[in-house]
Amino acid sequence: MKANTSQQKDLIAGIYHRIAGEYDERIPGFTALDATFSDTEISFVLDRVTADDEVLDIGCGTGRITIPVAHRAKAVTGFDLTEAMLEQAARKAAEANLDVRFEQGDMAALPFPDDSFDAVVSMLALMHVPPADHPRVFSEVRRVLRPGGRLIIGVKNSVFERFSSADRFATVDITDVENKELVFTGTREGDELRAPWHSFSPDDLKRLTAVAGLVPVSLRGNIPLSAWLADSVLETAEVAGAVRTLETLLGDLPPLNHLGYHLLMEAVKPAVHS
Ligand SMILES: C[S@@+](CC[C@H](N)C(=O)[O-])C[C@H]1O[C@@H](n2cnc3c(N)ncnc32)[C@H](O)[C@@H]1O
């Protein structure tokens with residue numbers, strides 16, 4: 001029997017509760033490609049956040065993105081389903097002497113007033129939300145954004161998965177494409193944990209943003225070339241360097257922006273015209 005949305009969320013919160021203490025050792029991973037992937041993701045967000053912004057990070061986890069954003073923005077709120085992940089994030093913010101607000105909850109029902117943020121960020125988190133809730137998440141984001149505010153997200157790309165089931169990022173957490181699950185292998189407890197995982201195509205993002213009334217302004221593929229190359233090809237420094245340069249130059253142009261292992265998107269809530 002298929003789990004309903006609330007059962008799926010309980011399952012996910014239960015898994016992240018168990019993984020919270022080791023999450024930062026697992027993500028971003030251990031290879032040069034993992035580092036490139038993670039750097040691209042963080043730069044995509046930081047390039048779109050200014051010192052005047054009030055930012056909400058939904059599915060903030062242990063603060064991998066929240067903390068760098070807090071160094072740049074005026075105010076940051078980290079929001080997550082899993083208390084244990086928030087505790088890790090809050091500890092890291094305190095250690096860095098950063099004043100970050102943390103709140104627990106479900107991104108499909110955001111407990112914030114209308115028009116309260118300049119940017120909403122979400123990395124590697126929307127993919128755990130059951131598809132039935134996707135439209136609600138996008139409309140909640142639109143509601144809490146100020147006019148002119150930005151949604152900045154990273155999601156797994158279903159176009160890539162159509163051609164390849166290879167895992168190209170943080171190889172301790174394996175994507176089981178066929179069963180639509182993220183598999184946490186080699187956990188400290190020794191168990192293998194499996195969480196539901198849903199991917200998005202560029203068309204899915206276009207549809208979800210259009211329905212919510214958000215306008216996409218940027219779509220970038222994360223590691224759009226190296227995702228397709230064997231590790232052995234990337235072992236040569238010259239090849240890896242050339243691929244990286246091309247990815248940086250061309251990652252936001254079609255067709256490469258559709259071919260990334262993940263998709264990075266910025267969408268804007270239109271300003272109100274009187
Ligand atoms: C892979 S972690 C990503 C954490 C962080 N954004 C990062 O990039 O490292 C996914 C996070 O999404 C959270 N999450 C999953 N479903 C959620 C929901 N419906 N509402 C809020 N957070 C959710 C999980 O608790 C977990 O902390």
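Of the residues in region 82-137, how many are in a helix (DSSP H, G or I), under 18 Å from the mean Cα position of the chain (by Cα) and surrounded by fewer than 16 Cβ atoms within 10 Å (Cβ to Cβ)? Outline the logic, then answer.
Quick first cut of region 82-137, residues in a helix (DSSP H, G or I) only: 83-95, 126-128, 131-137.
From what is left, the residues that are under 18 Å from the mean Cα position of the chain (by Cα) are 85-86, 88-89, 126-128, 131, 133-137.
Filter once more, keeping what is surrounded by fewer than 16 Cβ atoms within 10 Å (Cβ to Cβ): 131, 135.
Residues that pass the stated criteria total 2.
Name every residue in region 13-47 that is open to solvent by 50 Å² or more (accessible area, probe 1.4 Å) and part of a loop (DSSP other than H, G, I, E, B), in order of residue number.
30, 31, 47
Looking at 225, 234, 229, 250 in this structure, which one is modelled with pLDDT under 90, over 23 Å from residue 137 (Cβ atoms) and touching a helix residue (DSSP H, G or I) at 6+ places or on another chain (Cβ under 6 Å)?
234
In region 54-72, how many residues are assigned to a loop (DSSP other than H, G, I, E, B) and either surrounded by fewer than 17 Cβ atoms within 10 Å (Cβ to Cβ) or among the charged types (D, E, K, R) (or both)?
In the first step, residues of region 54-72 are kept if they are assigned to a loop (DSSP other than H, G, I, E, B); the result is 59-65.
From the residues that got through so far, the ones that are either surrounded by fewer than 17 Cβ atoms within 10 Å (Cβ to Cβ) or among the charged types (D, E, K, R) (or both) too are 64.
Final tally of qualifying residues: 1.
Residues of region 202-222 being open to solvent by 10 Å² or more (accessible area, probe 1.4 Å) and among the polar types (S, T, N, Q), which ones?
The answer is 218, and nothing else.
So residue 51 clears everything in (1) open to solvent by less than 30 Å² (accessible area, probe 1.4 Å); (2) more than 9 Å from the ligand (Cβ to nearest atom); (3) over 23 Å from residue 219 (Cβ atoms); (4) in contact with a helix residue (DSSP H, G or I) (Cβ under 7 Å, 6 or more places away or on another chain) except one condition, right? Which one?
(1)
Among 189, 140, 161, which is the only one that is open to solvent by 10 Å² or more (accessible area, probe 1.4 Å) and in a loop (DSSP other than H, G, I, E, B)?
Residue meeting the stated conditions: 189.
Considering 144, 177, 76, 120, which residue is in contact with a helix residue (DSSP H, G or I) (Cβ under 8 Å, 6 or more places away or on another chain), away from the ligand (no atom under 13 Å from the Cβ) and not aromatic (Phe, Trp, Tyr)? Give the derivation first.
Working: 144 fails: in contact with a helix residue (DSSP H, G or I) (Cβ under 8 Å, 6 or more places away or on another chain); 76 fails: away from the ligand (no atom under 13 Å from the Cβ); 120 fails: away from the ligand (no atom under 13 Å from the Cβ).
Selected residue: 177, the only one of 144, 177, 76, 120 that is in contact with a helix residue (DSSP H, G or I) (Cβ under 8 Å, 6 or more places away or on another chain), away from the ligand (no atom under 13 Å from the Cβ) and not aromatic (Phe, Trp, Tyr).
The values are calculated or read from the model by the stated rules, or taken from the named source; none is laboratory data. Keep in mind that what you see is a predicted model, and the values were worked out from it rather than measured. Heads up, the Cβs are rebuilt from the backbone with ideal geometry, glycines too, and the neighbour counts pull from every protein chain shown. Quick note on the areas: whole protein, heavy atoms, side chains included, nothing else; ligands and nucleic acids left out. Shrake-Rupley method; radii C 1.70, N 1.55, O 1.52, S 1.80 Å.
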